[in-house]
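*Asks:* The structure is given below, and queries will be raised subsequently.
The values are calculated or read from the model by the stated rules, or taken from the named source; none is laboratory data. Quick caveat: nothing in here was measured; it's all calculated off a predicted structure. Note that each Cβ is placed from the backbone with ideal geometry, even for glycine, and that neighbours are counted across all protein chains shown.
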């Protein structure tokens, strides 16, 4: 009984210790083997800690083995790479954020084209350009948020407070009313068109029934004669027009009686003077009629 | 020296009503504080006796193994069942409360943090308070009221070394052991429920499970378990050790032990979170 107690307690404690060790290692590393070490160096403030993943071209190939704080503003970081992976020479290391919870990973970026040589255990991987951490991203988001707030404030002022929104509403209402009216007009036009088409069909039906070739022939002949007369009339009008143009050209050139009449201002001046003299003469006659009209009967 | 007696020598009943009431109130408060300090002092003596009894391993080692079996091995089924249900429920509730757009890996993270840091040790402690602590008080209390403890003393056995120390050591060692299994079972249950019942993929869950993990989280969990084990064994053994007044006293001691231990565990949990919680952020 006593021995059984000891065995059962021993089994329980052993199992618990194994679960504890393996579970902790698995949670910290993602796997149980340690892998070979590589070293790199980052500036302070990277939120790095033991157990964070190491990615090679986006693939998880290891974990952060150790982080040592230096006094000169840098962190010495030992990363452990799984034995099955090799890191190409010339690869650079950077700390990049993973997910939205502020966790980070060490990202190894191989050069393109990928060289055949690889880092040996214990080599140092040079740090590459740092990726934006979650703080920087949040700060950019904050900036965008502030800009959006300003924009929304401006829109509020311009659209809501300045009455633009009301105007837009009115315009939309007017457009709606106009649309209704247009629909009515279109409906009416549609109805008229339908009636016209019906009349046209009706007339076409009549025409087809009245298809008398003699009448049509005489009508066409009359139309031709009318057309010929029209053409002749147009020709006469054309020649008349030409003559009138010539006449006008002559008149504008100032030659001839009409030309001089139109272009020479002397006639106007003389006529004007004559009219004034006539006015003064008429006025004088009205004032002194006896001077000019002397009627003697006897 | 003749003359009237000073006022403090008078009977309480002889004082006016207002003064009499104040005197009784003051006396009650004083007794409460005196009782509290007395309890602290008596328990300190009890702890001192345990420490002194540690120097007699021949008396307590064999019994310790038996108590480890009682406390540890026999408690495995209930601890694992509780942990499995808690892990599964945590995973389900976390998944159902998530709003769209949140990464599903948070379920693994939340399960790990809740199971390992809080519910694993706490629920194991509370469950063992009922199962182990009650039994401890009842056993020792019965031995007290049936004068078996007195008989041990008569036989020159140190009852503390024979009865208390094994339970104290066994609870202190086995609680962390049970918490390790409870944590593992809870996480396994959370993983199974998440992957089988919800739309969480194994990769999502494992990513969250490993996110921001530090070994101190495990140390924190085991430290709490160890403190809970100590609290259970000390409080329950003491309450059994001072049991009086027959079978009724045993029942009363058992009930009081369970209540005091449960409260102690919750207070210790809060204190641990307040004192050691900041270290979890590193």
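*Asks:* Which condition number in (1) part of a helix (DSSP H, G or I); (2) within 12 Å of chain A (Cβ to nearest Cβ) is the one that residue B:228 fails?
*Replies:* Of the numbered conditions (1) part of a helix (DSSP H, G or I); (2) within 12 Å of chain A (Cβ to nearest Cβ), the odd one out for residue B:228 is (2).
*Asks:* Within the stretch B:143-198, how many residues are touching a residue at least 12 places away in the same chain (Cβ under 8 Å), surrounded by fewer than 20 Cβ atoms within 10 Å (Cβ to Cβ) and away from chain A (no Cβ under 14 Å)?
*Replies:* 7
*Asks:* Going by the structure shown, is residue B:246 touching a residue at least 24 places away in the same chain (Cβ under 8 Å), surrounded by fewer than 15 Cβ atoms within 10 Å (Cβ to Cβ) and farther than 28 Å from residue A:5 by Cβ? Don't jump to the end; show me each part of the working.
*Replies:* Working: touching a residue at least 24 places away in the same chain (Cβ under 8 Å): yes; surrounded by fewer than 15 Cβ atoms within 10 Å (Cβ to Cβ): yes; farther than 28 Å from residue A:5 by Cβ: yes.
Yes, satisfied.
*Asks:* Within the stretch B:100-110, is there a residue that is surrounded by fewer than 19 Cβ atoms within 10 Å (Cβ to Cβ), modelled with pLDDT of 90 or more and assigned to a helix (DSSP H, G or I)?
*Replies:* Residues of the stretch B:100-110 surrounded by fewer than 19 Cβ atoms within 10 Å (Cβ to Cβ): B:100-103.
Now drop any that are not modelled with pLDDT of 90 or more, which leaves none.
No: zero hits.
*Asks:* Okay, moving on. Condition first: within 14 Å of chain A (Cβ to nearest Cβ), crowded, with 21+ Cβ neighbours inside 10 Å, closer than 18 Å to residue B:241 by Cα and touching a helix residue (DSSP H, G or I) at 6+ places or on another chain (Cβ under 9 Å). Can you find one or more residues in the stretch B:65-87 that meet it?
*Replies:* yes
*Asks:* Still on this structure: Go through the stretch A:31-69 and give me each residue that's touching a helix residue (DSSP H, G or I) at 6+ places or on another chain (Cβ under 6 Å) and within 10 Å of another protein chain (Cβ to nearest Cβ).
*Replies:* Across the stretch A:31-69, the qualifying residues are A:51, A:63.
*Asks:* Now a separate question. Which helices (runs of 4 or more DSSP H) sit wholly inside the stretch B:121-203 and have at least 1 residues that are within 24 Å of residue B:88 (Cα to Cα)? Break it down stepwise before answering.
*Replies:* Working: elements: B:134-145, B:148-154, B:165-197.
Of the helices (runs of 4 or more DSSP H) lying wholly inside the stretch B:121-203, those with at least 1 residues that are within 24 Å of residue B:88 (Cα to Cα) span B:165-197.
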